[in-house]
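A short worksheet on the structure shown next.
The values are calculated or read from the model by the stated rules, or taken from the named source; none is laboratory data. Remember, it's a predicted structure, so these values are computed and weren't measured experimentally. Cβ placement follows ideal geometry from the backbone for every residue including glycine, while neighbour counts extend to all protein chains displayed. Side chains included, ligands, DNA and RNA excluded: accessible areas come from the protein's heavy atoms. Shrake-Rupley method; radii C 1.70, N 1.55, O 1.52, S 1.80 Å.
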Amino acid sequence: MADKVTTLSQAAALVNSGDTLALGGMTLYRRPVAFVRALLARHQAGLAPSDLTLLAFTAGLESDLLIGSGMVSRVRSCYFGLEIFGLAPMFTYLANQGLIAILEETEASLAFGLRATMAGLNFMPGRGWIGTDLPRLRPDVRIIVDPYSGEELMAFPAIQADIAVLHALRADPDGNTEIGNNKGIDEELALTSKTVIVTAEEIVPELTRADIAAPWIDFVVHAPAGAAPTSCHPCYPLDGLAMMAYTDQVSDLDSWKTYVARFLAQPSS
């Protein structure tokens, strides 16, 4: 297998305008913060992509940092927030201003959409959303009739990201990846996305155990502390003080710019 190791800046340069960018991890755990930092550096250099669709099962700090840059025009996630630390300030600000589109999603719609892509189908049927008002917000999610039972089902359209970025505990140069037990939908993103980038705490010569096998991974980046200040068990815990500093200091575009300037000025790990 080919050596897939690259740098953060080279990996960030793979994101093009109009792409659907999926960010792995879960809530405030194992989020690809270092990769977002590299995208923000592109933004400050005037090289940033635009009109991105952000796809995340749950969106947290990494997504909120990205939202403030203006690179993202629409969001697909069933949750966007900072857990005990409150609302995600930039998402809340821009959504209230009507400056970002929100494609309504739930756990079911995201799961069925990814399963459809994994099965090579245009949609996946399910009972989620039946009897709710959600289809009014998503006319692309349609009601179909089971030809065998006559039961009404929802047809959830397939979901495929152009680029998925996952943060891992370790990986090898071939792309074999260990992400740990709190997997979120990282495995599904690896199986369905057109290009998959792994940022890893450690790159080892060879992994004897992998959660995601090498053929599904396109690029590997060495990124120690690449999820900080979110957690990456068992490597390091959540940095609660950093999270509180973010929510205390960021509330609008001007405060976001001030925060990000300091964030990018800090030496990377």
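Here the accessible area is traced with a 1.4 Å probe on the protein chains. For the chain, carbon and sulfur cover 53 percent of it. Taking each residue as 0.36 nm, the span from LEU87 to THR258 lengthens on full extension beyond its C-alpha to C-alpha distance by 59.6 nm. Distance from the C-alpha centroid of region 105-153 to that of region 202-269: 34 Å, rounded to the whole angstrom. Under a 5 Å amide H cut-off, with hydrogens placed 1.01 Å from N, ALA168 pairs with THR199, ALA200, GLU201 among residues at least 5 apart or on other chains. In order along region 182-188, the phi-based Karplus estimate (6.51 cos²θ - 1.76 cosθ + 1.60, θ = phi - 60°) of 3J(HN,Hα) comes to 8, 8, x, 10, 4, 4, 5 Hz; Gly and Pro are listed as x. Between THR247 and ASN181, full extension at 0.36 nm per residue minus the direct alpha carbon distance yields a gain of 20.9 nm.
For region 8-49, just say rounded, prolate or oblate: build the C-alpha gyration tensor, square-root its eigenvalues into a ≥ b ≥ c, call rounded for a/c under 1.5, and beyond that prolate if a/b exceeds b/c, oblate if not.
Since a/c reaches 1.5 and a/b is larger than b/c, the shape of region 8-49 is classed as prolate.
Tell me, what is the percent relative contact order of region 2-160, built from C-alpha pairs under 8 Å that lie six or more residues apart?
Values: 263 pairs, mean separation 25.6, N = 159.
Relative contact order, region 2-160: 16 percent.
Under the classification rounded if a/c is under 1.5, otherwise prolate if a/b is larger than b/c and oblate if not, where does the chain fall, given a ≥ b ≥ c as square roots of the Cα gyration tensor eigenvalues? Taking the square roots of the gyration eigenvalues as a ≥ b ≥ c, the chain is oblate. In a DSSP loop and with at most 16 other Cβ atoms within 10 Å, the chymotrypsin sites (Phe, Trp or Tyr not before Pro) in region 89-148 are TYR148. Ligands, DNA and RNA excluded, the heavy atoms of ASP162 present near 40 Å² of accessible surface to a 1.4 Å solvent probe. Work out which trypsin sites (Lys or Arg not before Pro) in the chain are exposed loop sites (DSSP not H, G, I, E or B, at most 13 other Cβ within 10 Å) and give the longest gap free of them. By the stated rule (loop sites, at most 13 other Cβ atoms within 10 Å), 1-126.
With a cut-off of at most 13 other beta carbons within 10 Å, and DSSP calling the residue loop, which GluC sites (Glu not before Pro) in region 185-242 qualify? Please list them. Write down the numbers at each step before the final one.
On the way: sites: GLU187, GLU188, GLU201, GLU202, GLU206; in loops: GLU206.
Sites meeting the loop and neighbour criteria: GLU206.
Sites listed here are GluC sites (Glu not before Pro) in region 118-180 whose DSSP assignment is loop and whose Cβ has at most 15 other Cβ atoms within 10 Å: GLU151.
By the helix-only formula, in which each DSSP H run with n ≥ 4 contributes -39500 (n - 2.57) and the sum is divided by residues, the chain has a 222 nm mean residue ellipticity of -8000 deg cm²/dmol.
Each label was represented as a point 7 Å from its Cα along the Cα-to-Cβ direction; for ASN96 and ALA45 these points are 3.5 nm apart. Mean sequence separation of contacting Cα pairs (under 8 Å, at least six apart), scaled by the length of the chain, corresponds to a relative contact order of 22 percent. Summarising the label geometry, the points placed 7 Å from Cα in the beta-carbon direction at HIS222 and ASN122 lie 4.7 nm from one another.
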